[in-house]
2 protein chains.
Amino acid sequence: MDFIIRLARKKDMTSVHQLITELAVFEKEPDAVEVTVEDLERDGFGLHPNFTVFVAEQENTIVGMALFYDRFSTWKGKTLHLEDLIVTQSKRGLGIGKALYTELMNYAFTNNYKRIAWEVLDWNQGAIDFYESTGASVLKEWRVVHMTHDNLIEFVKK
Amino acid sequence: MDFIIRLARKKDMTSVHQLITELAVFEKEPDAVEVTVEDLERDGFGLHPNFTVFVAEQENTIVGMALFYDRFSTWKGKTLHLEDLIVTQSKRGLGIGKALYTELMNYAFTNNYKRIAWEVLDWNQGAIDFYESTGASVLKEWRVVHMTHDNLIEFVKK
């Protein structure tokens, strides 16, 4: 069945939020999604959008999405970060994820981004194999550090 | 000797670029810095800045900097990313790095960011110990993936 990839509109954020929630439920962290549809509408479609989204649409239904935004490397300059790429469970294996990924790479190339970065779980070998087959590299030595909001509050109150 | 922490101005970018280059030389990658002073001035001080910088200043000389920008988590919302925190070699051990770090955390708290993220080399135990002492966590399972510009060109041409 055919699908198209296109830039998301504000009114797509309900569907995008459903995909985000579906993934969180799948990862057994349903309560981790604090973002609301209204947050996505405000932060993605204001004067200075915090992100851009490509959606995959099939028969007027959104079945996948890639959410990304600018970062900046002090060595390379403007880079792109892929935050999430989600295809709804029932539509996997149809090439929709690869189409979203390819659209993002074309976008990055056309707009002269110096790098595209994202994060992967180290046990997700299927994903790693796919990324490496496209020329991307998993960095061995670098680790991600997070200061959560709760720990931030603790730190600044000291 | 006293120092102050303040937001960087456009004219500070020459000093900021020197710090970036100093670190790259220290890491034995002097040619990795493709960013120019002009890039920093344009991308950091345009209508939609790609980053913000705090600098540490001592006797009218910039001796350290922290460069950061917004990211967006589909679970948490608006988050902050610390790209680089650099103190010039001769001024280490004076608390300048911690002061820049603390300023960033206060900034994130005041502006209601839901998380602060950055990256660390897994063998840099001194840095990891410091971060953990402030309440931050090194994520064990996540890996950073990069598609370089050269590999992007290869991919999109296929």
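The values are calculated or read from the model by the stated rules, or taken from the named source; none is laboratory data. All of these numbers come straight from a predicted model, not from anything done at the bench. Ideal geometry is used to build each Cβ from the backbone, glycine not excepted, and the neighbour counts take in all protein chains shown.
Which of the residues that make up the range A:72-96 are within 14 Å of chain B (Cβ to nearest Cβ), touching a helix residue (DSSP H, G or I) at 6+ places or on another chain (Cβ under 8 Å) and within 19 Å of A:GLU119 (Cα to Cα)?
Listed by number, the residues that qualify are A:PHE72, A:LYS76, A:LYS78, A:LEU80, A:LEU82, A:ASP84, A:LEU85, A:ILE86.
Among the listed residues B:THR148, B:THR74, identify the single one that is surrounded by 18 or more Cβ atoms within 10 Å (Cβ to Cβ) and over 16 Å from the mean Cα position of the chain (by Cα).
That would be B:THR74, the only listed residue that is surrounded by 18 or more Cβ atoms within 10 Å (Cβ to Cβ) and over 16 Å from the mean Cα position of the chain (by Cα).
Residues that are of a type in the set (Asp, Glu) and closer than 30 Å to A:THR110 by Cβ: find the helices (runs of 4 or more DSSP H) completely inside the range B:74-158 holding 2 or more of those.
Of the helices (runs of 4 or more DSSP H) lying wholly inside the range B:74-158, those with at least 2 residues that are of a type in the set (Asp, Glu) and closer than 30 Å to A:THR110 by Cβ span B:149-157.
Looking only at the range A:1-17, which residues are part of a loop (DSSP other than H, G, I, E, B), over 11 Å from A:THR52 (Cα atoms) and without any contact (Cβ under 8 Å) to a residue 60 or more places away in the chain? Give the derivation first.
Looking only at the range A:1-17, we keep the residues that are part of a loop (DSSP other than H, G, I, E, B), and these are A:1-3, A:8-9.
When the remaining residues are screened for being over 11 Å from A:THR52 (Cα atoms), the result is A:1-3.
Selection gives A:ASP2 alone.
Pairs only if they're at least six apart or on different chains, beta carbon under 9 angstrom, first in the range B:42-64 and in contact (Cβ under 8 Å) with a residue 40 or more places away in the chain and within 13 Å of another protein chain (Cβ to nearest Cβ), second part of a loop (DSSP other than H, G, I, E, B) and crowded, with 17+ Cβ neighbours inside 10 Å; list them, first residue then second.
B:THR52/B:ALA8; B:VAL53/B:ALA8
Of the conditions (1) over 30 Å from B:LEU23 (Cα atoms); (2) touching a Phe, Trp or Tyr at 6+ places or on another chain (Cβ under 6 Å); (3) of a type outside the set (Lys, Arg), A:LEU82 fails just one. Which one is it?
Going through (1) over 30 Å from B:LEU23 (Cα atoms); (2) touching a Phe, Trp or Tyr at 6+ places or on another chain (Cβ under 6 Å); (3) of a type outside the set (Lys, Arg) one by one, A:LEU82 breaks only (1).
Among A:LYS157, A:LYS114, which is at negative phi, facing chain B (nearest Cβ under 10 Å) and at pLDDT below 95?
A:LYS157 is the lone residue from the list that is at negative phi, facing chain B (nearest Cβ under 10 Å) and at pLDDT below 95.
Could you please find all residues in the range A:42-55 being over 16 Å from the mean Cα position of the chain (by Cα) and either closer than 14 Å to B:LYS76 by Cβ or assigned to a helix (DSSP H, G or I) (or both)?
Hit for the range A:42-55 is A:ARG42, nothing else.
When you go through B:SER137, B:SER90 one by one, which is the residue that is modelled with pLDDT of 95 or more and within 30 Å of A:VAL25 (Cα to Cα)?
Just one listed residue meets the conditions, B:SER137.
Looking at the range A:94-113, can you tell me whether even one residue there is of a type in the set (Val, Ile, Thr), under 23 Å from A:ILE5 (Cα atoms), in contact (Cβ under 8 Å) with a residue 60 or more places away in the chain and surrounded by 15 or more Cβ atoms within 10 Å (Cβ to Cβ)? I'd like the intermediate steps shown before the answer.
Here is the first cut: in the range A:94-113, the ones of a type in the set (Val, Ile, Thr) are A:96, A:102, A:110.
Going one step further and asking which of them are under 23 Å from A:ILE5 (Cα atoms), we end up with A:96, A:102, A:110.
Now drop any that are not in contact (Cβ under 8 Å) with a residue 60 or more places away in the chain, which leaves A:96.
Those still in the list that are surrounded by 15 or more Cβ atoms within 10 Å (Cβ to Cβ) too: A:96.
Yes, because at least one residue in the range A:94-113 is of a type in the set (Val, Ile, Thr), under 23 Å from A:ILE5 (Cα atoms), in contact (Cβ under 8 Å) with a residue 60 or more places away in the chain and surrounded by 15 or more Cβ atoms within 10 Å (Cβ to Cβ).
Taking B:THR36 as the residue in question, decide whether it is within 14 Å of chain A (Cβ to nearest Cβ), surrounded by fewer than 18 Cβ atoms within 10 Å (Cβ to Cβ) and modelled with pLDDT of 95 or more. Write out each step before concluding.
On the way: within 14 Å of chain A (Cβ to nearest Cβ): yes; surrounded by fewer than 18 Cβ atoms within 10 Å (Cβ to Cβ): yes; modelled with pLDDT of 95 or more: yes.
So B:THR36 passes the test.
Please give the number of the condition B:GLU29 fails out of (1) within 21 Å of A:PHE155 (Cβ to Cβ); (2) within 14 Å of another protein chain (Cβ to nearest Cβ); (3) surrounded by fewer than 19 Cβ atoms within 10 Å (Cβ to Cβ).
Going through the list (1) within 21 Å of A:PHE155 (Cβ to Cβ); (2) within 14 Å of another protein chain (Cβ to nearest Cβ); (3) surrounded by fewer than 19 Cβ atoms within 10 Å (Cβ to Cβ), B:GLU29 breaks only (1).
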